[in-house]
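A short write-up of the structure that comes next.
The values are calculated or read from the model by the stated rules, or taken from the named source; none is laboratory data. Keep in mind it's a predicted model, so treat the numbers as computed, not measured. Don't worry about glycine lacking a Cβ; one is built from the backbone with ideal geometry, like all the others, and counts go over all protein chains shown.
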Amino acid sequence: MGFMDILQIVIPSTLLWAAPLILTALGGIFSERSGVVNIGLEGLMVIGAFTGIVFNLETVQVFGNWTPWVALLVAALVGALFSLIHAVATISFRADHTVSGVAINLLAVGVALFLVKLIYDKGQTDIIQKGFRKIDIPFLSDIPIIGPIFFSNTYWTSYVAIIIAIIAWFIVFKTPFGLRLRSTGEHPMAADTMGINVTKMRYIGVIISGALGGLGGAVYAQSISSDFSHATISGQGFMALAAMIFGKWHPLGAMGAAIFFGFAQSLSIIGNSLPFLQNVPSVILLIAPYILTILALTGFIGRADAPKASGTHYIKGSR
């Protein structure tokens, strides 16, 4: 197997596994840039995965080939609504952000599994018939060298996630909205003095976080697992959280970190087909993503500064 053959296997697989992490990490950035810590990303992915699969199964006869894409929009909407629980708890009732995030993770799993049992009378859903499949992107896949590596046997969702990351960077750092969002996460009192509604901006940040987390879960479920069960989302939300921190709360940095973690995850699937990993025990490849996540955070978390007011409550008129 030549070097080009290895790249044609590794890169599409890496981007496939990275896409859900990119989207969910971006959601975490919007929330924390507004000043609300959101460790409930795992729960938001669970809700998104559940919604995406159930909607796909129940409406495939209506939307046909468009079903996975419509399911993404519905999952994003449900994720946004579900994140309101976290927003109300942390912003309006000033609950501890970490405790609320943990509650979101537990609640999401409980609600999703209860509804799966109620709807399908078993512990998991059926397998979807219309999911995201490998494609050759027209025109781009014909480019010499680059085309076969990046645009053949790949997924539309991988490039949608990258495009959304670029858009998120532009919104956060190049627009008035992004400036207001960042100001509420850095110095809410100063933002309030300038006439910015801190509560409103934080609600918007958390809702966007829920939408992107739900989107990430639905992308994962419809492109990788093809069904929903208790094990569909198993740590990916925490990897996205790690990618956000590793990327220093910057959309493009988080995207790079998510691609790194996606590469680690993909090795557990494609490792046995690569010459230099054929003799590595499969258990090592399975735990590699989590080990690399810990190592990455151990090495870089001390140098990554969160928004200064992230995790703190703001009461108008208080100092």
When region 120-164 is checked residue by residue, the ones that are out of contact with any Asp or Glu (no Cβ under 9 Å at 6 or more places or on another chain) and aliphatic (A, V, I, L, M) are 135, 137, 140, 143, 145, 146, 149, 160, 161, 162, 163, 164
*Is there a residue being at pLDDT 95 or above and closer than 20 Å to residue 54 by Cβ anywhere in region 190-201?*
no
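Conditions (1) surrounded by 17 or more Cβ atoms within 10 Å (Cβ to Cβ); (2) at pLDDT below 95; (3) of a type in the set (Lys, Arg), marked per residue:
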position	(1), (2), (3)
107	yes, no, no
114	no, no, no
117	no, no, yes
121	no, yes, no
138	no, yes, no
Practice task
Go through the residues of region 267-279 one by one and say whether even a single one is within 15 Å of the chain's Cα centre (by Cα), farther than 15 Å from residue 7 by Cα and not β-branched (Val, Ile, Thr).
Solution key: no
Taking region 181-212 and keeping residues surrounded by fewer than 19 Cβ atoms within 10 Å (Cβ to Cβ), without any contact (Cβ under 8 Å) to a residue 12 or more places away in the chain and either in contact with a Phe, Trp or Tyr (Cβ under 7 Å, 6 or more places away or on another chain) or aliphatic (A, V, I, L, M) (or both) leaves 190, 194
- Item | residue 244 aliphatic (A, V, I, L, M), touching a helix residue (DSSP H, G or I) at 6+ places or on another chain (Cβ under 8 Å) and within 12 Å of residue 41 (Cα to Cα) | yes
Looking at this structure, is residue 132 crowded, with 20+ Cβ neighbours inside 10 Å, modelled with pLDDT under 95 and closer than 26 Å to residue 41 by Cα?
-> yes
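Please state which one of 48, 35 is touching a residue at least 24 places away in the same chain (Cβ under 8 Å) and either over 16 Å from the mean Cα position of the chain (by Cα) or farther than 11 Å from residue 222 by Cβ (or both).
35
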Cβ pairs under 7 Å, 6+ apart or interchain, first in region 56-83 and more than 17 Å from residue 126 (Cα to Cα), second not in a helix (DSSP H, G or I), ordered by first then second residue, are 65/130
Exactly one of 193, 232, 199 is more than 20 Å from residue 91 (Cβ to Cβ) and not aliphatic (A, V, I, L, M), and that residue is 232
When residue 144 is run through (1) without any contact (Cβ under 8 Å) to a residue 12 or more places away in the chain; (2) surrounded by 14 or more Cβ atoms within 10 Å (Cβ to Cβ), the failure sits at (2)
Among 72, 44, 23, the single one that is surrounded by 21 or more Cβ atoms within 10 Å (Cβ to Cβ) and under 30 Å from residue 272 (Cα atoms) is 23
Those residues of region 75-97 which are over 19 Å from the mean Cα position of the chain (by Cα), surrounded by fewer than 22 Cβ atoms within 10 Å (Cβ to Cβ) and among the hydrophobic types (A, V, I, L, M, F, W, C) amount to 88, 89, 93, 95
Those residues of region 139-180 that are touching a Gly at 6+ places or on another chain (Cβ under 6 Å) and over 27 Å from residue 221 (Cα atoms) come to a total of 2
Does residue 285 satisfy being closer than 22 Å to residue 75 by Cβ, touching a Leu at 6+ places or on another chain (Cβ under 6 Å) and in contact (Cβ under 8 Å) with a residue 12 or more places away in the chain? no
When region 75-92 is checked residue by residue, the ones that are over 15 Å from residue 30 (Cα atoms) and in contact with a Leu (Cβ under 7 Å, 6 or more places away or on another chain) are 75, 82
